[in-house]
């Protein structure tokens, strides 16, 4: 029969859960809100949804990936702050942002790689001449899938790994000081 959790244990973890939700939802909101300012800052504005090549979507997704990188880094910083006091919530603050932001960051990197001169105002690409080619790009799809699968593996592999490392650390013999 499973043991009942102590109410005091739940109450002690409640601030960590609130911190987790505020961090994750706040960083998602910040990534979305900073997209337009980042586009203006990097001079990525221009184009309309019907243009070929689809610069409207390419530049928007590039800026969104940059904002997602900032949101991910902020989440990791908050997780580091919370790690000692609320390790369960901090662990979720590590892997959940990878699910939401990781694919966008990878897509932004692909755009940066395949659109040389994008930050200099030059708009040249041979990879996505049409919206369909951009929308169905196998490299972007595989990057999204790789990030998602890698994050899920991290979620399931990290708790046993942390337990194993903790156990090994606790079992190490204490050196005896010679007199």
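Region 25-89 and region 115-169 have Cα centres separated by 15 Å. Full extension of the chain between residue 142 and residue 158 gives 3.4 nm of extra length, using 0.36 nm per residue less the Cα-Cα distance. If the segment from residue 32 to residue 120 were pulled out straight at 0.36 nm per residue, it would be longer than the present Cα-Cα gap by 29.3 nm. The calculated FRET efficiency for residue 170 paired with residue 73, based on their beta-carbon distance and R0 = 41 Å, is about 0.80. What the pair-distance distribution of the chain shows, using all Cα-Cα distances binned every 5 Å from zero, is 1, 8, 12, 14, 15, 12, 9, 8, 6, 5, 3, 3, 1, 1, 0, 0, 0 percent.
Using a cutoff of 8 angstrom between alpha carbon atoms and counting only pairs six or more residues apart, the relative contact order for region 7-170 works out to 23 percent.
Computed from Cα atoms, the angle from the helix 87-114 axis to the main principal axis of the chain rounds to 20 degrees. Using 0.36 nm per residue and subtracting the Cα-Cα separation, the extra length available between residue 12 and residue 41 on full extension is 6.1 nm. Of the peptides 28-36, 62-70, the order by per-residue mean of other Cβ atoms within 10 Å, starting with the highest, comes out as 62-70, 28-36.
Helix-only arithmetic for the chain: the sum of -39500 (n - 2.57) across DSSP H runs with n ≥ 4, divided by the residue total, places the mean residue ellipticity at 222 nm at -25000 deg cm²/dmol.
Read-outs throughout are calculated quantities, based only on the coordinates presented, and are distinct from any laboratory measurement. On a predicted model such as this, the values are computed, not experimentally measured, just so you know. Cβ: placed from backbone, ideal geometry, glycine included. Neighbour counts: every protein chain shown.
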